[in-house]
1. Give me the percent relative contact order of region 118-162, please, defined on Cα pairs under 8 angstrom at least 6 residues apart.
2. Among 298-305, 186-193, what's the highest-first ranking by average C-beta atoms within 10 angstrom per residue?
3. Counting only DSSP beta bridges with both residues in region 51-196, tell me the antiparallel percent, nearest 5.
4. Can you tell me, using C-alpha contacts under 8 Å and at least 6 residues apart, the relative contact order of region 194-318 as a whole percent?
Amino acid sequence: MPEKDEIEHIASEHLDAAGELAPEVHEHLDELLKGAAPVIWVQGQNCTGCSVTLFSSDHYSLRDLFFGKFSLRYHPTLMSSEGFQAIDQIEKTEREAPGRYLVVLEGTIPTGEGEEFCTFGLTDSTKHLMGRDFPADRTAFDWLVELIPGAEAVLAVGNCAAFGGIPTMESQVTGATSATDVVEAIDGSKPVINVAGCPPHPDWIIGTLIDLLLWVDGHKGEPVLDDRRCLLQFYEAKIHDQCPRKPAFEAKRFLTDWNDVQPDEDRCLLRMGCRGPSTRGDCPTRLWNFGTSWCVGVNAPCQGCTNPDFYNKLPHPK
């Protein structure tokens, strides 16, 4: 594990950019470093993009993040354990930290056809296949029925987990349901915070997770959320209002033909499908990839990926 001063410097660098969280992290760094909040990361129907963006954080390495800031007990993409060893980590966390662990959900949860479109681990029952009996698979829904009541709080990462996302475009068979709705059905009193985006910026994930951790541990007040249960400090302003091309919008200088793109293009992309006026987020000021650029910065229109219904505006499969 890195030295405390090194992690403190990294935390300060990130959280100064994130806003008000920096003083809280400095004050309670020791508790965070001890892994006081075990994290169980469950993936449902998803592309793993939310995990990938987190692993590509500008400010934290995987070692710093998951073995310094948090005690990540289970993550199906990251962990080296597999099979019974991996599942044992979930059950061990339930035994050792009842009511204290955090559940992070990535992707939708299938509820159709017995919830069997997303499974991990085995049950005590059996299934018959090709003339033989095998242990039956355990569904993601069944895991949440067990995990949610014992969790201190839940973080729904990404548009799919928070709002349903792309898997709900054609969900007649799988019954894809947002993780937020599934948690509410299991235990409506459980605190749930969403991290919007497809994928979200890694700062949004880390900042929200730290804010949630500090809140449930009693180190700060309740997170200030917007009407979508997202941390307000990341999603308060409209993309359009922060966009460096807003002067072009006001001057009615619009790009209308992709074949007419010029060097150092700065025309407004509204007529090319940009959804910045209806989308909330701090992409224009936070930027991505070590502050390199963002969607409009590379002449691509904002797709509105932080909006709950953004996937309904995408081309549906035929």
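1. Numbers: 36 pairs, mean separation 13.4, N = 45.
Once divided by the residue count of region 118-162, the mean separation gives 30 percent.
2. On the way: 298-305: 18.5, 186-193: 15.4.
In descending order of packing, they fall as 298-305, 186-193.
3. Details: 8 of 18 bridges.
If we restrict to bridges inside region 51-196, about 45 percent are antiparallel.
4. Values: 148 pairs, mean separation 31.4, N = 125.
Value for region 194-318: 25 percent.
Only the coordinates and a few stated rules stand behind these numbers; no lab work does. Remember, predicted model here, so these are calculated numbers, not experimental data. Quick reminder, even Gly has a Cβ in these numbers, built from the backbone with ideal geometry, and neighbours come from all protein chains shown.
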